[in-house]
Structures are given as structure tokens and as C-alpha cells.
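Notes to accompany the following structure.
The values are calculated or read from the model by the stated rules, or taken from the named source; none is laboratory data. Every value quoted in this text rests on a predicted model; they were computed, and no experiment measured them. Here Cβ is always computed from backbone atoms with ideal geometry, including for glycine, and neighbour counts include all displayed protein chains.
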Amino acid sequence: MRKLNSTDKDFFEKLNLLTAFEAAQDVTLDQRVADIVEQVKKQGDKALVAYTKQFDRRDIQYVNELSVSLDDCKKAFDALPKVQKEALTTASSRIQSFHERQKAEGWTYTEMDGTVLGQKITPLDRVGIYVPGGKAAYPSSVLMNAIPAKVAGVEQIIMVVPTPDDVKNPLVLAAAFVAGVDQVFTVGGAQAVAALAYGTATIPAVDKIVGPGNAYVAAAKRRVFGVVGIDMVAGPSEILVIADGTTDPKWVAMDLFSQAEHDEIAQAILLCPNADYLQQVEVAIHQLLETMPRRDVISASLASRGAMILVGSLDEACDISNHIAPEHLELSVARPEDLLNKIKHAGAIFMGKFSSESLGDYCAGPNHVLPTGRTARFASPLGVYDFQKRSSIIQVSQQGAQHLGAVASELARGEGLVAHACSAEFRLE
């Protein structure tokens, strides 16, 4: 891992280069994705079969081979060892409990003249959840995407997941059963996103697509946005740890690994005002790395986008963290509550040395679909609110129409929109 010092004159220049990443901006990739989306839009199921054979190396002839029955999902759950069943159901229960608290209700208020104003909250009709597959299987992503939609009241949840070489992960199918997914299709990549956006004879079109994926998925989500809603364009995983030297260095090293093992371009950064402690963590990294099955991925990630940063104080660490706006932020300090109010931008904040990021990924309860690439400056974790929409309620009384009509008329004529003005004026007494 590279070493930076906040006192260096070019510190922020180096930091910005380190953290810079824009998902799905490659021109060649974008054009390839555009072609895939267009072919699925035109040819539907035929294109899905062709792309699945090409990209996932599956010997299929008909689109119904991409469908997984809900009965098969239940069988996958029933066949799991007891400990895995309990892990899935415990995580599901905790995720649901947290997200129940996010559910918004409509409201109205009545003005003195009898005019009623308010907001109506309604769930989306149908959503698509994209679950990554390939380098790893992510049953946790099924739970984190589907459960908030269920809590919101979404009528139908369509899940797509790639299964390269026709290898179906039983935990992913079991998670679909636990989370209450309505339909499952084993298709992935840009072609799956296009199918969800435009619909085919087999896969129904949805209103919104959520869930992370690779660069092709990110580019496809960006391309179909507007035809459907999307949650975000996700980039590589990120973790930033602010440490004061009171946490076991091995714990911090493993926390950095927990995100670095996702991808060679994932990012892991450690901020600390104690140079000796940074060295201890570095020693721990070297000791633990050889024990990791995905050590090559971790090593590449730490070398390309990781950093250990010596800062002047914990307050300065918070300022730097706000500049980075990380996906996951660990406050691995003795008194994390002292720093919380200083943090403005982070997808999820883990308080204290026992709050490892991995608990948030799986079972703490809050959502693990989080803003990346500095988008935590303006974006939020996936939640129930992503599956609800708001409609304004305007019921103007006869008395209210007199006052509001005069105001609207004046403003409309000022804009040169006479029909607008007349529409209001016709109701004046």
C-alpha cells in the first residue's frame, strides 16, 4: 500500500488521483453495451438466449431454460444445512426490522379556507433486482434488494442473476425464497438490464432496476435510466478506516481486506495520526495476506488503489474522510461518538472497534447497497424510500380558489402564459 502524509504540499493532488473513478465511462465499453441493449430491445428473448450462450458459456436453446421456479428456490432453501438456514432467516429478520422503520406514510393538512394539501405515498408496481454472479455469489444482495421492496409494498419483484457455466448457487436461490422474490431468471450483464427495462416475451418490464453489478451492468443501467428508474450507478467497493491506535492492528488489516477482496479495483484506505500504529497495521497485512484464499485480488487492490495516510489529528482525518465520501467508513476509535457529528459524507458509518464492516454487509440490518465513487456527498443507501413514490394532493376550496387564483393569474401573465391565467381566472367570483 502506498503511504501518504497529509502535510505534503501535493497531498490532495495525490489523494484525488488515488480516489478518482468513474464507472462505465469507457467509450468502447459504452458502445458495446449500447449494441447489446438495442439487440435485446429489438429481438427480445432471442437476443437473451444468444448473449447468455456467448457470455455465460451455457448450452441453451430456449428462453424458458433461463427461468427458475419458486418451487426450486424453496427446494434450495430446504436442502441447506441448518446453520445456513438460520443465518439466512436471522439476517432477513434483522434487515426487515430495520427497513420497517423507513416506511413513509402519506399526510395532509387543511388551511383556514378549507383547502387541503398533502402527499400520497404509493409503492412501485414492479421492480427488478440485479444480483451479481461470476467471481462470487451474493445471497446477501438478494436480501438487501428484495426486502426493502417487500416492506414498501411492491407487488412484483423480478430477480436476475448470471450463472456462468450453468452453475446455480443454492444460497442465492434460497435467499430469493426467504426474501419473497416473485420470479427468478438466470441471465446477467447488460442484456439482463435491457430485458428488465424494455421487457421481452418472457421477462416483464419493470419500473425500477436496483442492485450492483460489473462495468457492463453499470453502463447499461445508465443507458436505460429514464425508461426505468435506477438506484445508482455503482462503482468498486470502498472502505475507509479512521483509527486512533486502540484497535488490534490485525482487526484493521482484515477490515481493509474485507473490501479489497471484492475486486482488483476496490479501494481500502486507512487514516491514523499515529505513525507507529500504521506500521503495525502494515506488518499485520503482510502476516495475514498469505492466509487469504483471494490474496491475489487483495494484493492487487491494495497496491493499485489502497493507501495508509498519516494525519495530524482525528479531526483532520474526519475532514479528509468527508472529502473522500467513502462507501463504508469505520470509526475504529475509543470514542466514536465524539467523531460522528464531524462526519458529513459516508454511505454507512461503523462505530467502534467491534463494528466490523462485514456485519453491515450481511446481518446488522441497514442496507449494504451504498453510494460509491464520492456519490455519498449527495446519495443515500438503498432503502424502502427507493421503492415508494410521492404524489402531491391539491384540493382547493371555493374560497381558496379566489386568493390562489389571483396569485396564479398574476404570475402566469408575467410569464406570458395566458391560458394558465385564464384557467385560474375562470374560477374567480
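Look through the range 161-216, keep the residues that are in a helix (DSSP H, G or I) and among the aromatic types (Phe, Trp, Tyr), and return whichever of them is nearest to Lys82 (Cα to Cα).
Looking at the filtered set, the residue picked out is Phe177.
Out of Ala307, Ala253, Ala284, Ala275, report the one residue that is surrounded by fewer than 18 Cβ atoms within 10 Å (Cβ to Cβ) and out of contact with any Gly (no Cβ under 8 Å at 6 or more places or on another chain).
Just one listed residue meets the conditions, Ala275.
Filter the range 358-379 down to the residues that are without any contact (Cβ under 8 Å) to a residue 40 or more places away in the chain and not in a loop (DSSP other than H, G, I, E, B), then identify the one that is nearest to the chain's Cα centre (by Cα).
Gly360
If you go through the range 317-358, how many residues are among the basic types (Lys, Arg) and either within 22 Å of Lys250 (Cα to Cα) or crowded, with 18+ Cβ neighbours inside 10 Å (or both)?
Total satisfying the criteria: 2.
Give me a count of the residues in the range 217-238 that are aliphatic (A, V, I, L, M) and in a helix (DSSP H, G or I).
5
For the range 274-290, which positions are within 15 Å of Pro249 (Cβ to Cβ) and either of a type in the set (Val, Ile, Thr) or not in a helix (DSSP H, G or I) (or both)?
Those that are within 15 Å of Pro249 (Cβ to Cβ) and either of a type in the set (Val, Ile, Thr) or not in a helix (DSSP H, G or I) (or both): Asn274, Val281, Val283, Ile285.
Tell me whether the range 305-324 contains one or more residues that are of a type in the set (A, V, I, L, M), in contact with a helix residue (DSSP H, G or I) (Cβ under 7 Å, 6 or more places away or on another chain) and on the phi > 0 side of the Ramachandran plot.
No; the residues of the range 305-324 include none that is of a type in the set (A, V, I, L, M), in contact with a helix residue (DSSP H, G or I) (Cβ under 7 Å, 6 or more places away or on another chain) and on the phi > 0 side of the Ramachandran plot.
Any residue that is outside any helix (DSSP H, G or I), outside the structural domain of His323 (by TED's automatic domain parsing) and surrounded by 12 or more Cβ atoms within 10 Å (Cβ to Cβ) - is there at least one of those in the range 7-18?
Scanning the range 7-18, I find no residue that is outside any helix (DSSP H, G or I), outside the structural domain of His323 (by TED's automatic domain parsing) and surrounded by 12 or more Cβ atoms within 10 Å (Cβ to Cβ), so the answer is no.
With the condition kept exactly as written, say whether any residue in the range 39-46 is assigned to a loop (DSSP other than H, G, I, E, B), in the same structural domain as Ala175 (by TED's automatic domain parsing) and surrounded by 18 or more Cβ atoms within 10 Å (Cβ to Cβ).
Yes, the range 39-46 contains at least one residue that is assigned to a loop (DSSP other than H, G, I, E, B), in the same structural domain as Ala175 (by TED's automatic domain parsing) and surrounded by 18 or more Cβ atoms within 10 Å (Cβ to Cβ).
Each row is one residue, and each column tells you yes or no for (1) touching a residue at least 24 places away in the same chain (Cβ under 8 Å); (2) crowded, with 16+ Cβ neighbours inside 10 Å; (3) within 26 Å of Ile203 (Cβ to Cβ).
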| site | (1), (2), (3) |
| --- | --- |
| Thr52 | yes, yes, yes |
| Ser67 | yes, no, yes |
| Pro81 | no, no, no |
| Ala91 | yes, yes, no |
| Met112 | no, no, no |
| Gly128 | yes, yes, yes |
| Gly134 | yes, yes, yes |
| Tyr138 | yes, yes, yes |
